[in-house]
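To start, the structure under review is shown below, and the notes come after it.
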Amino acid sequence: MNAQPAASLFINGQPVEGQGDALPVFYPYTGQEIASLREASGAQVAEACKVAAEAQVEWAAMAPVERGRVLSRAAAIIRERNEELSRLETLDTGKPIQETLVADWESGAAALEYFGGLAATVTGQMIPLGRDWAYTIREPLGVCVGIGAWNYPSQIACWKAAPALAMGNAMVFKPSEETPLGALKLAEILIEAGLPAGVFNVVQGRGAVGAALVTDPHVAKVSLTGSVPTGQKVYAAAAAGMRHVTMELGGKSPLIIFDDANLDDAVGAAILANFYSSGQICSNGTRVFVQSGIRDAFLEKLTARLAAIRIGDPLDPDTQHGPIVSPAQAARIRAAITAGEQEGARLVAGGVGEGAFIPPTVFADATDQMTLATDEIFGPVMTTLAFDTEEEVIRRANATGFGLAAGVFTQDLTRAHRMIARLEAGTCWINAYNLTPVEMPFGGVKLSGIGRENSAAAIEHYSQLKTVYVGMGGVDAPY
Ligand code: NDP
């Protein structure tokens, strides 16, 4: 298997070979090296930012409707090539082709389509002041840096590029070192769709390359998808230059199931909230609070459904559960599972698995203090916790530094909204979980982040207001 790109980086409309350290890319299913890339050197990082700053001027001067057209064309190209792109995404991430065909590039295309349409609708305000008046202009920020995680590499690249470019910014994107391939395809597709050279650039590298991007003098904004510790470092580094930030960070989200819930739906949602993409999803509802009356029935239905899951070759269209992205990540997840058992939680499904695979794993009889219930594992590990009352579960659900997402399953309409009003989470679902259509703002509160991706809300995070006072008469100076 070979997924070697034309070159490791994409700068100024061209594939460019990296001059930094080697960056081999492995297919998580077999461990085979599928591409051999190189990191960007410091000079190449600086060059990408400089080129982006130059290209941004011309791009921002284009009519927004023309910018939108480029993004819409890119969305159409992605949809035409979805099969080929999804296969590459599977090789890069190890996620089942069954998922990548419908969730990854497809949701990236949706973002490009959405923000392509939105570009021309963004207007300022006219503010009457009597004789005088004022108006506002929503301006691009300039060069935005995007830094991605490895779980949805192409989706993340599109979710960041689409609103940034729609508003007339340029972008330098650094994918995760684990999954560098999709962003290079996006860069090619955007050029094919008519994007001027230099407006979207890709540099590769490990954390140090990301850190160099954040402090480059041309950069006005950084949008990171990653873990809380990385987010804290990037936010602090961005602050020195008063740069804007969007932080899409980790979570330990509660999924709360009341005893009046439709149990089959609640079990289905708990499965999707924990095991899709082998559990490598930031918004996962990994603390599943189940009301005591239905706890046994819930676990019984859940384990029966998990027993039928098809685990294996990610390129087999029947496979539902693929490998973990890397041996290092698999080792971290295994350590969390072992710690959970040692802390006294009851393993009711799955376990540490073998090789690249960790099966859907469920713990019962856990307590809120166990690391299983406090730490983000970022793997297929569900922790179920019993509760009795609404008041109790709200308190326990909120007793975490994270605040990315939350879900409530109940047939009681007023209870659902009462709960949501008190849950400390940026993205919530009622009788659903992990659905993130582009029309809906997505993001976290507390340690889980700042800013929002998707929807019209994202426009505000990729632009700034200029206010203009217009004097219509003489100037009355006091002396
Ligand atoms: P990391 O935080 O390890 O890395 C995220 C990105 O930041 C990577 O590209 C990484 O590079 C880069 N990076 C690392 N150090 C620095 C630095 N000092 N300065 C700038 N960039 C740096 O996250 P993972 O890739 O391990 O992804 C998993 C995490 O991402 C989980 O916590 C998950 O919850 C979160 N996530 C959040 C989402 C959200 O929307 N809220 C969505 C998806 C994931 P490299 O990998 O090359 O080291």
(message) With +1 assigned to the C-beta of every Lys and Arg and -1 to the C-beta of every Asp and Glu, and no other charges, what is the dipole magnitude of the stretch 178-330 about the Cα centre in debye, to the nearest 20?
(response) 640 debye
(request) Compute, for residue 144, the solvent-accessible surface of its heavy atoms (probe 1.4 Å) with the complete set of protein chains present, and express it in square angstrom to the nearest 10. (result) 0 Å²
(message) 7 Å from Cα along Cα→Cβ at both residue 430 and residue 61: what's the point-to-point distance in nm?
(response) 5.1 nm
(request) Given the peptides 76-87, 99-110, 247-258, arrange them by the average over their residues of other C-beta atoms within 10 Å, most packed first. (result) 247-258, 99-110, 76-87
(request) Determine the gain in length on full extension of the stretch residue 129-residue 391; use 0.36 nm per residue of separation and subtract their C-alpha separation, reporting nm with one decimal. (result) 89.4 nm
(message) Can you compute 3J(HN,Hα) from phi for each residue in the stretch 437-450, using the Karplus curve 6.51 cos²θ - 1.76 cosθ + 1.60 with θ = phi - 60°, rounded to whole Hz and x for Gly and Pro?
(response) x, 5, 5, 10, x, 9, x, x, 10, 6, 5, 7, x, 8
(request) Please work out the Cα center distance from the stretch 217-232 to the stretch 270-309, rounded to the nearest Å. (result) 32 Å
(message) Once R0 is set to 51 Å, what does the formula 1/(1 + (r/R0)^6) return for the Cβ-Cβ distance between residue 264 and residue 81, expressed as a FRET efficiency to the nearest 0.05?
(response) 0.90
(request) Return the whole-Å distance between the Cα centroid of the stretch 411-469 and the Cα centroid of the stretch 121-195. (result) 19 Å
(request) Could you list which residues have their amide H under 5 Å from that of residue 171, counting only those 5 or more apart in sequence or on another chain, with H placed in the peptide plane? (result) 144, 200, 201
(request) With the Cα gyration tensor of the stretch 48-103 in hand, give its eigenvalues times 5 under a square root as the equivalent ellipsoid semi-axes, listed largest first in whole angstrom. (result) 31, 16, 7
(message) Quick check: pseudo-label points 7 Å beyond the Cα along Cα→Cβ at residue 32 and residue 412, how many nm apart are they?
(response) 5.6 nm
(request) Which order do the peptides 237-246, 3-12 take when ranked by the mean count of other beta-carbon atoms within 10 Å per residue, highest first? (result) 3-12, 237-246
(message) Keeping all protein chains in the complex and leaving out DNA, RNA and ligands, what accessible area do you get for residue 133 with a 1.4 Å probe, in Å² to the nearest 10?
(response) 70 Å²
(request) Counting helices only, and only those DSSP H runs with n ≥ 4, report the 222 nm mean residue ellipticity of the chain as the sum of -39,500 (n - 2.57) divided by its residues, in deg cm²/dmol to the nearest 500. (result) -12000 deg cm²/dmol
(request) Could you tell me which of 312, 195, 333 has its Cα farthest along the dipole of the chain towards the positive end, charges placed at Cβ (Lys, Arg +1; Asp, Glu -1), taken about the Cα centre? (result) 195
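Report the equivalent ellipsoid semi-axes for the chain in whole Å, largest first, defined as the square roots of five times the eigenvalues of the gyration tensor built from alpha carbon atoms.
39, 29, 19
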(request) At a temperature of 10 °C and a viscosity of 1.306 mPa s, determine how fast the stretch 410-459 diffuses translationally according to Stokes-Einstein, using the Kirkwood radius over alpha-carbon pairs as Rh; express D in µm²/s, rounded to the nearest whole number. (result) 132 µm²/s
(request) Give the distance, in whole Å, between the Cα centre of the stretch 350-387 and the Cα centre of the stretch 1-28. (result) 35 Å
(request) Tally the DSSP beta bridges in the chain and give the antiparallel ones as a percent, rounded to 5. (result) 40 percent
(message) Output the 0 to 90 degree angle, nearest 10, between the alpha-carbon long axis of helix 64-80 and the longest principal axis computed from the alpha carbons of the chain.
(response) 40 degrees
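Taking all protein chains in place and a 1.4 Å probe, what share, in percent, of the accessible surface of the chain do carbon and sulfur account for?
55 percent
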(request) Taking the Cα centre of the chain as origin, sum charge times position over the Cβ atoms of Lys and Arg (+1) and Asp and Glu (-1), and report the length of that vector in debye to the nearest 20. (result) 880 debye
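Full extension from residue 476 to residue 456: what is 0.36 nm times the residue separation minus their Cα-Cα distance, to one decimal in nm?
Length difference between fully extended and current span is 3.1 nm.
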(request) State in Å² the accessible area per residue of the chain; use a 1.4 Å probe, count heavy atoms of protein chains only, and round to the nearest integer. (result) 39 Å²
(request) Under 20 Å from a label point 7 Å along Cα→Cβ of residue 136: give me every residue in the stretch 169-197 with its amide N that close. (result) 169
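The values are calculated or read from the model by the stated rules, or taken from the named source; none is laboratory data. No experiment lies behind these values; they were computed from the predicted model shown. Cβ sites come from the backbone with ideal geometry, for glycine too, and all protein chains shown count toward neighbours. Surface areas here come from the heavy atoms of the whole protein model, side chains and all, with no ligands, DNA or RNA. Shrake-Rupley method; radii C 1.70, N 1.55, O 1.52, S 1.80 Å.
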